[in-house]
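The values are calculated or read from the model by the stated rules, or taken from the named source; none is laboratory data. Source: prediction; values computed, not measured. Here the Cβ is made from the backbone with ideal geometry for all residues, glycine too, and neighbour counts use every protein chain on show. Note: areas computed on protein heavy atoms with side chains; ligands, DNA, RNA excluded. Shrake-Rupley method; radii C 1.70, N 1.55, O 1.52, S 1.80 Å.
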Amino acid sequence: YLLNPESERAQYPHGDTDKNMLLLKFATPDADLGMLNWFAVHGTALNNTNKLISGDNKGLASYLFEKDMNGAATLPGQGKFVAAFASTNLGDVSPNTAGPRCLDTGLSCDTATSTCNGKNEMCVSFGPGTNGEMFESLKIIGTNQYDHAKDLYAAATNEVSGPIDYRHSFLHMADLKVTLADGSEVSTCPAALGYAFAAGTTDGPGMFDFTQGENSTSPFWNTVSGFLSKPTDEEIACQHPKPILLNTGDCEKPYAWDPENIPISVMRVGNLFILNAPGELTTMAGRRMRGAIKDLLVENGIPDPVITIAGLSNTYTHYITTFEEFQAQRYEAASTLYGPHTLDAYIQEFVRITKDMLNGDVSEPGTAPLDLTENQIEFTPPVIEDFVGIGHHFGDVTVDANPTYTTADTVSVTFRSANPRNDQKLNGSFLSVDKKNDDGSYTTLFVDGDWNTKFEWAGGVGHLGKSTTTIEWDIAESFGGAQAGTYRICHEGVAKEAFGKKKDFQGCSSDFEVTA
């Protein structure tokens with residue numbers, strides 16, 4: 001960020017990230033329907049040591065908002081009110097606000113390269129939780145967004161009205177001609193990833209000897225990457241100063257590694273304009289794009305436009321930095337696929353399709369990418385067969401719940417299980433926390449989409465097809481607080497038997513008491 005011109009940075013005295021959240025409220029005169037907001041922060045409060053599927057901080061914020069609006073008893077995804085916490089220009093915005101430090105010494109990392117004694121693996125960022133604990137950090141960052149969104153929702157009185165419109169184009173980004181502000185003409189480049197891409201970031205460090213800020217090449221890695229595709233002199237010059245590690249624009253086996261033809265679109269709802277970009281714009285890149293569109297709209301008689309960027313939309317082209325940021329070749333710049341003028345190309349083309357919309361013209365459609373749905377290669381080994389052992393059954397409890405717990409405890413139950421890839425339960429759940437009613441029936445209060453539960457599967461290769469599932473319920477983290485009473489924890493799944501036959505199974509713990 002600091003590589004951008006000082007005069008430009010001075011226009012944003014509140015700092016090097018965007019602090020504002022933009023919220024759109026959906027309602028009828030009689031009912032609240034939903035909410036969509038945009039705020040710039042990565043979903044990386046859980047770093048790459050976490051092995052559990054998670055919606056991270058934005059997922060938690062959405063969960064809390066929907067629980068609040070639909071009622072605490074409503075299971076995730078089943079309420080009428082939908083709360084969407086969307087991404088915008090988050091390219092250089094981390095939720096790990098305590099910053100990076102060296103795991104081995106506890107000292108600060110080298111600022112320029114994000115390394116510790118020359119190694120990137122030991123330089124890791126931490127969130128605001130106690131000692132950087134990542135689940136606590138996620139809760140803080142997610143809850144902050146939820147709290148602020150609730151305030152904005154309650155205060156949303158500026159009704160949106162006016163035209164509804166859109167324009168869409170496919171861009172051939174491998175060699176798009178771009179006219180700069182000084183009138184000179186440049187071009188984007190075939191896609192390529194630089195050395196610092198492999199270094200990762202302090203939210204998730206890479207491996208080997210790669211570092212951020214890498215502006216030179218290695219004969220060894222040049223040889224390795226050259227087996228995939230060796231960049232031409234023209235491609236090297238086009239991407240300068242990026243040292244090309246993976247020349248993905250020319251990698252076509254078994255199919256293209258990165259897209260050449262990418263989609264952009266602009267949507268209008270009254271005075272709200274949504275720029276749908278297929279990548280992660282940095283803070284200043286997003287500010288420049290919004291600024292260019294705002295100038296265009298004001299020139300065309302729209303005095304107070306509200307502009308947001310819907311990042312990572314429709315396809316993925318990694319990152320989009322400013323020209324100045326590209327020169328440093330940190331992770332984001334090394335991941336800016338189409339060269340130093342990528343941002344200028346996007347701004348030029350977003351201005352073009354927005355002009356078309358304002359003038360009532362049809363936008364040049366461009367060339368759509370090939371549909372490769374049927375060509376995808378799967379490297380995950382198939383599930384051959386699940387085994388449970390003689391005399392045992394899938395769903396049997398191996399470690400049962402204790403007889404009693406308090407509302408400050410965590411319940412843990414382990415079951416004989418099967419590979420969860422047999423049925424991913426996309427519209428269901430691998431677990432339930434059930435409360436016993438007075439008539440002896442049970443009501444499900446929590447599932448695997450709840451913040452207070454964890455589903456951990458262990459098995460697979462090396463376990464001869466045998467596996468277990470451990471389910472945890474953190475009672476204290478229950479939304480609205482867990483009530484005293486009698487509970488059980490259940491697990492359901494699908495086992496793959498001989499000859500590929502699949503069989504549903506279910507198991508439940510013994511009943512246990514939760515006391516205040």
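When you check Leu180 against the structure, is it touching a residue at least 60 places away in the same chain (Cβ under 8 Å), exposed (fewer than 13 other Cβ atoms within 10 Å of the Cβ) and farther than 30 Å from Glu66 by Cβ, yes or no? Walk me through it before giving the result.
Numbers: touching a residue at least 60 places away in the same chain (Cβ under 8 Å): yes; exposed (fewer than 13 other Cβ atoms within 10 Å of the Cβ): yes; farther than 30 Å from Glu66 by Cβ: yes.
Yes, satisfied.
Inside the stretch 382-429, can you point out the residues that are charged (D, E, K, R) and outside any strand (DSSP E or B)? Explain how you work it out, then say what you get.
Of all residues in the stretch 382-429, those charged (D, E, K, R) come to 385-386, 396, 400, 409, 416, 421, 423, 425.
Correct list: Glu385, Asp386, Asp396, Asp400, Asp409, Arg421, Asp423, Lys425.
Scan the stretch 425-450 residue by residue and report those that are aromatic (Phe, Trp, Tyr) and within 25 Å of Gly55 (Cβ to Cβ). If you could, list the steps in order and put the result at the bottom.
To start, the set of residues in the stretch 425-450 that are aromatic (Phe, Trp, Tyr) comprises 430, 442, 446.
The answer is Phe430, Phe446.
Picking from Gly440, Gly389, Gly366, which residue would you name as being over 30 Å from Asp56 (Cα atoms), modelled with pLDDT under 95 and open to solvent by less than 50 Å² (accessible area, probe 1.4 Å)?
Working: Gly440 fails: modelled with pLDDT under 95; Gly366 fails: modelled with pLDDT under 95.
Of the residues listed, the single one that is over 30 Å from Asp56 (Cα atoms), modelled with pLDDT under 95 and open to solvent by less than 50 Å² (accessible area, probe 1.4 Å) is Gly389.
I need the full set of residues from the stretch 398-429 which are surrounded by fewer than 17 Cβ atoms within 10 Å (Cβ to Cβ) and within 12 Å of Thr468 (Cβ to Cβ), in order please.
Within the stretch 398-429, Thr398, Val399 qualify.
Spot the failing condition for Tyr487; the list is (1) of a type in the set (Phe, Trp, Tyr); (2) within 25 Å of Asp68 (Cβ to Cβ); (3) within 29 Å of the chain's Cα centre (by Cα), and only one is missed.
So Tyr487 meets the others, but not (3).
Of all residues in the stretch 308-333, which are closer than 17 Å to Asn4 by Cα and of a type outside the set (S, T, N, Q)?
Keep residues of the stretch 308-333 that are closer than 17 Å to Asn4 by Cα, which gives 319-333.
Across the stretch 308-333, the qualifying residues are Tyr319, Ile320, Phe323, Glu324, Glu325, Phe326, Ala328, Arg330, Tyr331, Glu332, Ala333.
Pull out all pairs, ordered by first then second residue, where Cβ-Cβ is under 9 Å, the residues are six or more apart or on different chains, the first lies in the stretch 120-138 and is under 14 Å from Asp104 (Cβ atoms), and the second is of a type in the set (Asp, Glu) and open to solvent by 60 Å² or more (accessible area, probe 1.4 Å).
Final answer for the pair search is Asn120/Asp209; Met122/Asp104; Cys123/Asp110.
Which residues, counting only those in the stretch 179-200, are touching a Ser or Thr at 6+ places or on another chain (Cβ under 7 Å), closer than 18 Å to Pro241 by Cβ and not in a helix (DSSP H, G or I)?
Matches in the stretch 179-200: Thr188, Ala191, Ala192, Leu193.
Residue-by-condition table, conditions (1) small (Gly, Ala, Ser); (2) under 27 Å from Lys58 (Cα atoms):
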site	(1), (2)
Lys139	no, yes
Asn144	no, yes
Ala149	yes, yes
Leu152	no, yes
Ala155	yes, yes
Gly162	yes, no
His168	no, no
Met173	no, no
Leu176	no, no
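For the stretch 11-30, name all the residues that are among the hydroxyl-bearing types (Ser, Thr, Tyr) and either crowded, with 22+ Cβ neighbours inside 10 Å or without any contact (Cβ under 8 Å) to a residue 40 or more places away in the chain (or both).
Looking only at the stretch 11-30, we keep the residues that are among the hydroxyl-bearing types (Ser, Thr, Tyr), and these are 12, 17, 28.
Scanning the stretch 11-30 gives a single hit, Thr28.
Is it true that some residue in the stretch 338-351 is part of a loop (DSSP other than H, G, I, E, B) and open to solvent by 70 Å² or more (accessible area, probe 1.4 Å)?
no
Is there any pair with a first residue in the stretch 357-384 that is more than 30 Å from Glu497 (Cβ to Cβ) and a second that is assigned to a loop (DSSP other than H, G, I, E, B) whose Cβ atoms are under 6 Å apart and which are 6 or more apart or on different chains, and what are they?
Filtered contacts from the stretch 357-384: Leu358/Asn300; Pro369/Pro259; Leu372/Tyr255; Asn375/Tyr255.
Starting from the stretch 158-175, keep only residues that are over 16 Å from Asp344 (Cα atoms) and assigned to a strand (DSSP E or B), then list their pairs with residues that are of a type in the set (A, V, I, L, M) and open to solvent by 70 Å² or more (accessible area, probe 1.4 Å) whose Cβ atoms are within a distance under 7 Å, requiring at least 6 positions of separation or different chains.
Listed pairs, sorted by first residue: Tyr166/Met267.
Considering the stretch 331-349 alone, what residues qualify as being modelled with pLDDT of 95 or more, at negative phi and touching a helix residue (DSSP H, G or I) at 6+ places or on another chain (Cβ under 6 Å)?
Step one: of the stretch 331-349, the residues modelled with pLDDT of 95 or more are 332-349.
Imposing the further condition that a residue be at negative phi reduces the set to 332-338, 340-349.
Answer for the stretch 331-349, where residues must be modelled with pLDDT of 95 or more, at negative phi and touching a helix residue (DSSP H, G or I) at 6+ places or on another chain (Cβ under 6 Å): Ala333, Ala334, Ser335, Thr336, Pro340, Leu343, Ile347.
Yes or no: the stretch 363-373 includes at least one residue that is under 30 Å from Pro205 (Cα atoms) and in contact with a helix residue (DSSP H, G or I) (Cβ under 6 Å, 6 or more places away or on another chain). Spell out the reasoning first.
The first filter runs over the stretch 363-373 and keeps only residues under 30 Å from Pro205 (Cα atoms), leaving none.
Among the residues of the stretch 363-373, not one is under 30 Å from Pro205 (Cα atoms) and in contact with a helix residue (DSSP H, G or I) (Cβ under 6 Å, 6 or more places away or on another chain), which makes the answer no.
Could you figure out which of (1) open to solvent by 70 Å² or more (accessible area, probe 1.4 Å); (2) more than 22 Å from the chain's Cα centre (by Cα) isn't true of Cys109?
Every listed condition holds for Cys109 apart from (1).
Conditions: (1) closer than 26 Å to Gly270 by Cα; (2) touching a helix residue (DSSP H, G or I) at 6+ places or on another chain (Cβ under 8 Å); (3) open to solvent by 60 Å² or more (accessible area, probe 1.4 Å). Thr88 meets all but one. Number of the miss?
Only one criterion in (1) closer than 26 Å to Gly270 by Cα; (2) touching a helix residue (DSSP H, G or I) at 6+ places or on another chain (Cβ under 8 Å); (3) open to solvent by 60 Å² or more (accessible area, probe 1.4 Å) is unmet by Thr88, namely (3).
Would you please name the residue that is modelled with the highest pLDDT, looking only at residues in the stretch 446-480 that are in a loop (DSSP other than H, G, I, E, B) and aliphatic (A, V, I, L, M)? Break it down stepwise before answering.
Going residue by residue through the stretch 446-480, those that are in a loop (DSSP other than H, G, I, E, B) are 448-452, 459-466, 478-480.
Pick out the ones that are also aliphatic (A, V, I, L, M) and you get 461, 464.
On the way: Val461: 67, Leu464: 75.
Applying the filter and picking the extreme gives Leu464.
Can you name the residue in the stretch 31-51 that is surrounded by fewer than 19 Cβ atoms within 10 Å (Cβ to Cβ) and at pLDDT 95 or above and, of all such residues, is nearest to Leu90 (Cα to Cα)?
Result: Leu36.
Yes/no matrix, rows are residues, columns are (1) open to solvent by 30 Å² or more (accessible area, probe 1.4 Å); (2) not polar (S, T, N, Q):
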| site | (1), (2) |
| --- | --- |
| Glu456 | yes, yes |
| Gly459 | no, yes |
| Thr469 | no, no |
| Phe479 | yes, yes |
| Ala482 | no, yes |
| Arg488 | yes, yes |
| Gly493 | no, yes |
| Ala498 | yes, yes |
| Lys502 | yes, yes |
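In the stretch 220-322, which strands (runs of 3 or more DSSP E) lie fully inside it and hold 1 or more residues that are in contact with a Leu (Cβ under 6 Å, 6 or more places away or on another chain), farther than 30 Å from Met21 by Cα and open to solvent by 30 Å² or more (accessible area, probe 1.4 Å)? Before you say what the answer is, go through the steps one by one.
Details: elements: 244-246, 261-269, 272-276, 306-310.
Of the strands (runs of 3 or more DSSP E) lying wholly inside the stretch 220-322, those with at least 1 residues that are in contact with a Leu (Cβ under 6 Å, 6 or more places away or on another chain), farther than 30 Å from Met21 by Cα and open to solvent by 30 Å² or more (accessible area, probe 1.4 Å) span 244-246.
What is the number of the single condition among (1) more than 27 Å from Ala61 (Cα to Cα); (2) among the β-branched types (Val, Ile, Thr); (3) surrounded by 19 or more Cβ atoms within 10 Å (Cβ to Cβ) that Thr515 does not meet?
It is condition (3) that Thr515 fails.
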